[in-house]
Each structure stands twice: as structure tokens, then as C-alpha cells.
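Data first, discussion second: the structure below is written as C-alpha cells.
The values are calculated or read from the model by the stated rules, or taken from the named source; none is laboratory data. Being a predicted model, the structure only gives us computed values, none of them experimental. All Cβ positions, glycine included, derive from the backbone under ideal geometry; neighbour counts span all protein chains shown.
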Amino acid sequence: MPVRALAAIRSRKTIVEGGKWATGKMPHTAFPLSKSHNYTLGSAWRWRVCRLVSGDKNFRLLVAYQAAKAQYQAWLGCESGADQAVLARLEFHPSHRGWHCHVKKGPLDEVACGVVKQPQSRERVKLCRDNNPFTVTDLDALGIACRAFNVEMGEDAFG
């Protein structure tokens, strides 16, 4: 029976490489979607990329925020060779929906690699009811993503 995307999102993952917080334009190699497509953030974002493992699957976790504009995103991608399938995106935008999570549905092997949204999207959006003000910092940005995507800290993850 094929693994479902939601099962991969919920699986217990361990950070094997913690990455470092950076500010400034994100290089194309930090969160590649495929050999020819990548995702980058502008210079106003604070970001880091962690490498995760769960069983025989490798993941990347992009965590980024822009405090001045109250923006946050944590994207979970499952690696497939040189490509990556974005399985879930936890985001905060004050202009719409506040905290919400985009989650891919269906079998994991049917989630398209190399794109954020695929045609005939098999995606579900879950709204989070939270009226607290946006207060994300380095200290809690990674923790929010880890709680959302069932990630635990590995012993050697942060050197």
C-alpha cells in the first residue's frame, strides 16, 4: 500500500542538520524544488533550512519569518533524488487567514516534485484560530515548525 502524503507529514522526523539562521537573499541552492526550479526569499526575510530524516525518507524544512511585516512560513519538502515535493506549508499572513496550513492529499508518490502548487491541486487548507499577536523570533520560529510537522531535535543536529 502506498504511503500517503499526510502520513509522511505526520511521521516522526529527526533533525540531522540544523542549518543556521541567515538574513539576506536566500541562495538558489538552499531549498531547491528540482534541478531547474528553486524557491528563494528576498533580503528582508530571516531564514534557515534544516535536513530531516524519518525512516528511509529525507526531508528539508524551510523556516522563515519577516517580523516587520508579521510574515512566517515553514515548508516541509520530501526529497526524491535531486527533486523535492513540497508536502505542507505552515504560514502566517496578517492580510489573509492569519495562521493556516496547506497540506497535500493523496499518495506521496503522486505529489508533484519541483512545484509548490500543482495543477488540479490535491491540497487542503486548515485554518488555525489564534487571536494572539504575531511575535515570532529566532527562539521560537523553529519550534513552531517542529510542533506542526512532528520534528524532534537530533543529538548532533546543531553541531
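So the values come out like this:
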read-out: Every pair of residues 6+ apart whose Cβ atoms lie under 8 Å, when the first sits in the stretch 113-132 and is within 16 Å of Glu91 (Cβ to Cβ) while the second is surrounded by 11 or more Cβ atoms within 10 Å (Cβ to Cβ) and of a type in the set (Val, Ile, Thr); value: Val116/Val86; Glu123/Val103; Arg124/Val103; Val125/Val103; Lys126/Val103
read-out: Arg4, sole failed condition from (1) modelled with pLDDT of 95 or more; (2) in contact with a helix residue (DSSP H, G or I) (Cβ under 9 Å, 6 or more places away or on another chain); (3) of a type in the set (D, E, K, R); (4) closer than 21 Å to Glu123 by Cα; value: (1)
read-out: Filtered residues of the stretch 31-74 (kept if free of Cβ contacts under 8 Å to residues at least 40 places away in the same chain and touching a Gly at 6+ places or on another chain (Cβ under 6 Å)); value: Ser43, Val49, Arg60
read-out: Options Arg122, Arg60, Arg89, Arg46; residue that is on the phi < 0 side of the Ramachandran plot, among the charged types (D, E, K, R) and modelled with pLDDT under 90; value: Arg122
read-out: Residues of the stretch 75-130 classified as more than 19 Å from Arg4 (Cα to Cα) and touching a Gly at 6+ places or on another chain (Cβ under 8 Å), total; value: 4
read-out: Subset tally (residues that are without any contact (Cβ under 8 Å) to a residue 24 or more places away in the chain and closer than 18 Å to Pro27 by Cβ) for the stretch 75-96; value: 1
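Conditions tested, residue by residue: (1) over 25 Å from Val16 (Cβ atoms); (2) at pLDDT 90 or above; (3) surrounded by fewer than 17 Cβ atoms within 10 Å (Cβ to Cβ).
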| residue | (1), (2), (3) |
| --- | --- |
| Ala85 | no, yes, no |
| Arg97 | yes, no, yes |
| Lys104 | no, yes, no |
| Asp130 | yes, no, yes |
| Ala141 | no, yes, no |
| Cys146 | no, yes, no |
| Phe149 | no, yes, no |
| Glu155 | no, no, yes |
